[in-house]
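The values are calculated or read from the model by the stated rules, or taken from the named source; none is laboratory data. This structure is a prediction, so every number in the text was calculated from the model and none was measured. Methodologically, a virtual Cβ is constructed for each residue, glycine included, from the backbone with ideal geometry; neighbour enumeration extends over all protein chains shown. Only protein heavy atoms, including side chains, enter the accessible area calculation; ligands, DNA and RNA are left aside. Shrake-Rupley method; radii C 1.70, N 1.55, O 1.52, S 1.80 Å.
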Amino acid sequence: MAKKKQFKAESKRLLDLMINSIYTHKEIFLRELISNASDAIDKYYFANGGHIDASSFEIRLEPNREARTLTISDTGIGMSKEELEENLGTIAKSGSLAFKEELEKTEADASDIDIIGQFGVGFYSAFMVAQNVTVISKKDGEETAWQWTSDGASGYEISEANRDKPGTTIILTLKEDTEEEKYSDYLQEYKLKGLIKKYSDYIRYPIHMQVENSRLKPGTEESEKPEHETIVEDETLNSMVPLWKRQKSKITDEEYNQFYKDHFYDYTDPAKVIHFSVEGNVSFTSLLYIPSEVPQEFYNQDYKRGLQLYCRGVFIMDHAEELLPDYLRFVKGLVDSQDLSLNISREMLQHDHQLKQIANRIEKKILSELATMLTKERDAYEDFFKKFGINLKFGTYADYGINKDKLQDLLLFYSSKEMKYVTLNEYVQRMKEDQKEIYFISGSDIELIDKLPIVQTLKNKEFEVLYLCDNVDEFVMQALREYREKTFKNIAQGDLDLDTDEEKEALEKEKEANKEMLEMMKESLPEVEEVKLSNRLVDDPVCLTAGEGVSFEMEKVFANMPNQSPFPMKATRILEINPNHPIFNTLKSLYETDKEKVKEVADVLYAQALLIEGFPIEDPIAYSRKICELLVKQNG
């Protein structure tokens, strides 16, 4: 009779801690046991120098609902009595880690062997779902098989057992169901298939299970009532070779696209596929996709970014945020590496230098592919930018503009030149010879911006203007500050200094001659900092410009933000009047005869300027009445 032995680790408390605290999800137990089985087959293959028929290798699942047992068996190297006691009797003693260390001491190349389990705790995850665990194992080259049995609480027993071939069989007697947990679900075919697909689909050895299928009974004629029979067949549950580990030249676009749809739950083909491998201090393979459409709930705060993480083909986690910067959150895909440092449960990444290296390489690769797309596939890039360009803009000014140099050449803005997207480089390349600044203006709509008086003025002078329609655009310009030694200039803010010396002199004389009238108009408009004459306008009578600092568009952005301050940020308002427009002559005439009416006209002109800039006027009814009164008086 086998003698009961106690665990060498410090009692049941440590085991309870590992079972109940290390792992987040109970279903992880199957991943751990499958990974251990894969390790055992790797060891068997390597120990025999690769001179062995690999077709006999398999991992097998056998659910038994009546007995409430789940059996996982492998054709691996097996364990001796001493190894059973050392590896399973000592918590956190890893046979895989010891094997790898021994391998590294020799001159043999261990790079071809993927030893997944290195912590020695994966086996004990079985006790999350099992009330009793039995391990039957026969070591390659030995005559005797051994059985290890434990309930995870009162120690373990080791005794002789019967097994013909090398390998290990683990029998889990599942816990009784509770209201919180249906342990019997782990005996259902659909559940086991789902877990294998999720966590162990790319284990290199076939995972077999007998499944029940229904088929048309042989001999049934088409004219007769169809009869079916249930048959039991052996089914391979895993695909074994991951798509990303195959040669790129042998993968079709259809295969890439189908993989994307199946794994990332999209109905459309991706806009871009990025598949690459890196070898060196840190090695990894990555398969990335840029979606062709904005994902559902993409702008919802609950949207989860990040890449799927695999370690030697074993699924670890679904959203590894650390591998993607936030401004590339639209990218979907995966990373498979043997060099990532994982925590003890293999459910989370540890923050280390290798992780940063991988993240940096991925970031550089994506940006490089986008730059190539911009150069060689302009239409496709513009379509991408319409959907995800806002993310690149956020990335430009976020974190105090730390990423601006990486992103500035990927940004697109609408241009007054051809009313289409241009890059900053394209703008600078065709600037006038004496032009010192990159002109832009903000607004809510391209067509409305194009009709603004100041825009028409610059277009008449053959200057190109960038139209900014996103709320973040002006913050982007502030973060960039300059591009190719050209500073950015908001044409609706401050002086543009585009007049000739003669124009400046004539305007100055007109200002001086009408100084008192302009000052009176300013005093009648409390919100206005200054009323002045300007050559900024061509056909329009007035426009509103902002002083230095906050622009009108920034004021609107701040006004729409939640939790408004009692002292909101406002742009300085400057009312500019066109001295060449008939309205100016009218004002001069009225100033000589009826100064009060000048104030009324000034109020109307200011309201018009506000409307042109997209601001609401305080009292639309009063404004309408004043217009009518002026019209009546004019006719009278």
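For S337, the criteria (1) at pLDDT 80 or above; (2) over 23 Å from S200 (Cα atoms) hold in every case but one, which is (2).
Every condition in (1) closer than 17 Å to A145 by Cβ; (2) surrounded by fewer than 19 Cβ atoms within 10 Å (Cβ to Cβ); (3) not aromatic (F, W, Y) is met by E62 except one, and the failing one is (1). If you check Q456 against the conditions, is it in contact with an Asp or Glu (Cβ under 9 Å, 6 or more places away or on another chain), under 30 Å from K387 (Cα atoms) and in a helix (DSSP H, G or I)? When the stated conditions are applied, Q456 passes them. Report whether or not V241 is open to solvent by 60 Å² or more (accessible area, probe 1.4 Å), at pLDDT below 95 and of a type in the set (A, V, I, L, M). Yes: the conditions hold for V241. Of all residues in the range 403-413 being over 19 Å from the mean Cα position of the chain (by Cα) and without any contact (Cβ under 8 Å) to a residue 60 or more places away in the chain, which is surrounded by the most Cβ atoms within 10 Å (Cβ to Cβ)? Per the stated criteria, the residue is L412. Have a look at A479, A506, A492 and point out the one that is free of Cβ contacts under 8 Å to residues at least 12 places away in the same chain and among the aliphatic types (A, V, I, L, M). That would be A506, the only listed residue that is free of Cβ contacts under 8 Å to residues at least 12 places away in the same chain and among the aliphatic types (A, V, I, L, M).
Filtered by the rule that a residue be in contact (Cβ under 8 Å) with a residue 12 or more places away in the chain, part of a helix (DSSP H, G or I) and within 20 Å of I454 (Cα to Cα), the range 598-633 gives A602, V604, L605, Y606, A607, Q608, A609, L610, I612.
Counting only residues that are surrounded by fewer than 16 Cβ atoms within 10 Å (Cβ to Cβ) and touching a helix residue (DSSP H, G or I) at 6+ places or on another chain (Cβ under 8 Å), which one in the range 584-596 is farthest from E530 (Cα to Cα)? Among residues in the range 584-596 that are surrounded by fewer than 16 Cβ atoms within 10 Å (Cβ to Cβ) and touching a helix residue (DSSP H, G or I) at 6+ places or on another chain (Cβ under 8 Å), the one farthest from E530 (Cα to Cα) is T586.
When the residues of the range 271-281 are filtered to those that are in contact with a Phe, Trp or Tyr (Cβ under 8 Å, 6 or more places away or on another chain) and open to solvent by 20 Å² or more (accessible area, probe 1.4 Å), the one that is farthest from W244 (Cα to Cα) is A271. Those strands (runs of 3 or more DSSP E) of the range 282-338 in which 2 or more residues are open to solvent by 20 Å² or more (accessible area, probe 1.4 Å) and at negative phi occupy 314-320.
Quick grid of which residues meet (1) out of contact with any Leu (no Cβ under 6 Å at 6 or more places or on another chain); (2) at pLDDT 90 or above; (3) not basic (K, R):
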| position | (1), (2), (3) |
| --- | --- |
| M521 | yes, yes, yes |
| P566 | yes, no, yes |
| K570 | yes, no, no |
| E576 | yes, yes, yes |
| T593 | yes, no, yes |
